[in-house]
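Right, one structure below, let's go through it.
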Amino acid sequence: MKIRRSERLIDMTQYLLEHPHTLVSLTYFSERYASAKSSISEDLSIIKKTFKQRGTGILETIPGAAGGVRFIPEISFEAAKQIVDSLCERLSERERLLPGGYVYLSDLLGEPDLLRKVGQIIASKYNNRKIDAVMTVATKGVPIAQAVSYYLNVPFVIVRRDSKITEGSTVSVNYVSGSSERVEKMELSKRSLKRGSRVLVVDDFMKGGGTVNGMTSLIDEFEAELVGITVFAESTFSGRRMIEDYHSLLCVKEVDTQTKTIKVVPGNYFDQASSEK
């Protein structure tokens, strides 16, 4: 049954938002709404213009018989910076200071709207890179990895520090914790990652970089390729960090347990993003 154009525009927009990085043919939309391809093309032009004006993303047109449109989620530098500046203020609250100089951020990683925005910011960095999987370590990195994988429309895999019988056979590596210098172990199910996969590593927090370095070792064991590393937050580290090439959204610059003050600033994501503008 043919539907009204207003309804068609709403449904098409929703479909594209729910299927990022997916090529959708004009024939599919034409049959879905019992409408001529010329009408569908006009609708897509309206949606493309709106996405651009609102900073929602890019609606890419692929010409040819096998072509169509592909929605690529994107967030502007200004919008991303505004979100992260707000996060800096929230993380600088003195109530977040925990014994030992740790900063509490679990509540932020439990907010669906914030996770959605963080996922979009991180994913936007890799829109032009082929990604086959997003990798993180259990447990706090999981919601971030899930949000990023949604916007890249790829699976996410979870590295664990102890094997589960439900994981089947696993590949394990030993790694040195960058902050405590203890030797620890992490494992990943052999079924989680295909050989030759291009992997994006994400994590919630990085200090010495030992955990992230362990994940890069696992990627090597699977004969896969590391595409990039992005962490939600990092802290200053007096020693030599095990990872040098990475992006961070936030940086915990100073923690004073005596005055109970925390200073959080935007991470190097924006230094690099600014140079790419």
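Suppose the filter is among the basic types (Lys, Arg), in the same structural domain as Ala123 (by TED's automatic domain parsing) and free of Cβ contacts under 8 Å to residues at least 40 places away in the same chain; does Arg90 pass it?
The answer is yes for Arg90.
For the range 67-81, which residues satisfy the criterion of being surrounded by 12 or more Cβ atoms within 10 Å (Cβ to Cβ) and farther than 19 Å from His21 by Cα?
Passing the criteria: Phe77, Ala79, Ala80, Lys81.
Would you mention how many residues in the range 127-181 are over 23 Å from Glu234 (Cβ atoms), of a type in the set (Val, Ile, Thr) and assigned to a loop (DSSP other than H, G, I, E, B)?
Matching residues across the range 127-181 total 1.
Looking at (1) surrounded by 17 or more Cβ atoms within 10 Å (Cβ to Cβ); (2) modelled with pLDDT under 95; (3) assigned by TED's automatic domain parsing to the domain that holds Ser30, which one does Val103 not meet, given that it meets all the others?
The failed condition is (3).
Filter the range 182-222 down to the residues that are more than 19 Å from His247 (Cα to Cα) and part of a strand (DSSP E or B) and list them by number.
Val183, Glu184, Lys185, Met186, Glu187, Leu188, Ser189
For the range 223-256: of the residues being in contact with a strand residue (DSSP E or B) (Cβ under 7 Å, 6 or more places away or on another chain) and either modelled with pLDDT under 90 or hydroxyl-bearing (Ser, Thr, Tyr) (or both), which is farthest from Tyr104 (Cα to Cα)?
By that ranking, first place goes to Tyr246.
Condition first: farther than 29 Å from Phe270 by Cα and surrounded by fewer than 13 Cβ atoms within 10 Å (Cβ to Cβ). Now tell me which residues in the range 45-55 satisfy that.
Ser45
Contact list please: Cβ distance under 6 Å, first residue in the range 1-25 and within 25 Å of Ser149 (Cβ to Cβ), second residue among the small types (Gly, Ala, Ser), pairs at least six apart or on different chains.
Within 6 Å, the pairs are Leu23/Gly68; Val24/Gly68; Ser25/Gly68.
Condition test on Glu234, is it over 25 Å from Ala147 (Cβ atoms), of a type in the set (Asp, Glu) and within 24 Å of the chain's Cα centre (by Cα)?
The answer is no for Glu234.
Can Asp271 be described as under 22 Å from Ser86 (Cα atoms), surrounded by fewer than 14 Cβ atoms within 10 Å (Cβ to Cβ) and among the acidic types (Asp, Glu)?
Yes.
Let me confirm something: among Glu234, Glu181, which residue is crowded, with 19+ Cβ neighbours inside 10 Å, assigned by TED's automatic domain parsing to the domain that holds Lys164 and charged (D, E, K, R)?
Result of the check over Glu234, Glu181: Glu234.
Checking the structure you have, find out if any residue of the range 83-93 is of a type in the set (S, T, N, Q), assigned to a helix (DSSP H, G or I) and modelled with pLDDT of 95 or more.
yes
Would you mind stating whether Asp220 is assigned by TED's automatic domain parsing to the domain that holds Val142 and either surrounded by 20 or more Cβ atoms within 10 Å (Cβ to Cβ) or at pLDDT below 95 (or both)?
When the stated conditions are applied, Asp220 does not pass them.
Just a yes or no: is a residue in the range 257-272 in the same structural domain as Pro99 (by TED's automatic domain parsing), touching a strand residue (DSSP E or B) at 6+ places or on another chain (Cβ under 6 Å), modelled with pLDDT of 95 or more and in a loop (DSSP other than H, G, I, E, B)?
Yes: the range 257-272 contains one or more residues that are in the same structural domain as Pro99 (by TED's automatic domain parsing), touching a strand residue (DSSP E or B) at 6+ places or on another chain (Cβ under 6 Å), modelled with pLDDT of 95 or more and in a loop (DSSP other than H, G, I, E, B).
Name every residue in the range 241-259 that is among the basic types (Lys, Arg) and over 12 Å from Leu91 (Cα atoms), in order of residue number.
Correct list: Arg241 only.
Inside the range 56-66, can you point out the residues that are exposed (fewer than 13 other Cβ atoms within 10 Å of the Cβ) and either in the same structural domain as Leu114 (by TED's automatic domain parsing) or of a type in the set (Gly, Ala, Ser) (or both)?
Hits for the range 56-66 are Gly64, Ala65, Ala66.
Name every residue in the range 44-76 that is under 23 Å from Arg129 (Cα atoms) and in a helix (DSSP H, G or I), in order of residue number.
Correct list: Lys48, Phe51, Lys52.
The values are calculated or read from the model by the stated rules, or taken from the named source; none is laboratory data. Worth saying up front: this structure is predicted, and the values here are computed from it rather than measured. All Cβ positions, even for glycine, are placed from backbone atoms using ideal geometry, and neighbour counts span all protein chains on display.
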